[in-house]
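Reading through the structure tokens given below for one structure.
The values are calculated or read from the model by the stated rules, or taken from the named source; none is laboratory data. No experiment lies behind these values; they were computed from the predicted model shown. Positions of Cβ are generated from backbone atoms using ideal geometry, with glycine treated the same way; all protein chains shown enter the neighbour counts.
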Amino acid sequence: MYASYLISSLILITFYFAAGALLPGWNSMLIATVALVLYLPFVPAIYRYSRALWIYYDRTIDPHGGMAGTYEKKQESTNSQSASNDQSVS
């Protein structure tokens, strides 16, 4: 959510100032409406990329998954068991 807010703010501010430069005689509320309309098609992409950025951030801060769910913990234990079995065979 934090990443989504940051990306959305940057895009909306950019659209607002670009529309303000292209439409100098318009009211600021109309310019904000134009910026919002231009922003709407980007919402799905912003959602996707903000989730990807947040997951990347989370994995960077906590690589061992202290907040990991049961699936991730089970997968990690399975991977560590297979690695130890491979070492004992060698």
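How do the pairs read when you match residues in the range 32-46 that are aromatic (Phe, Trp, Tyr) with residues anywhere that are surrounded by 13 or more Cβ atoms within 10 Å (Cβ to Cβ) and assigned to a helix (DSSP H, G or I), using Cβ under 9 Å and keeping only pairs 6 or more apart or on different chains?
Listed pairs, sorted by first residue: 39/8; 39/11; 39/12; 39/15; 39/46; 42/7; 42/8; 42/11.
Residues that are assigned to a helix (DSSP H, G or I), at pLDDT below 85 and hydrophobic (A, V, I, L, M, F, W, C): does the range 71-85 have at least one?
Within the range 71-85, one or more residues are assigned to a helix (DSSP H, G or I), at pLDDT below 85 and hydrophobic (A, V, I, L, M, F, W, C).
Under the condition of being within 26 Å of residue 69 (Cα to Cα), small (Gly, Ala, Ser) and surrounded by fewer than 16 Cβ atoms within 10 Å (Cβ to Cβ), which residue from the range 1-56 is modelled with the lowest pLDDT?
Residues of the range 1-56 within 26 Å of residue 69 (Cα to Cα): 1-5, 44-56.
Next cut, small (Gly, Ala, Ser) only: 3-4, 45, 50, 52.
Subset that is surrounded by fewer than 16 Cβ atoms within 10 Å (Cβ to Cβ): 45, 52.
On the way: 45: 93, 52: 90.
For the range 1-56, the residue satisfying everything is 52.
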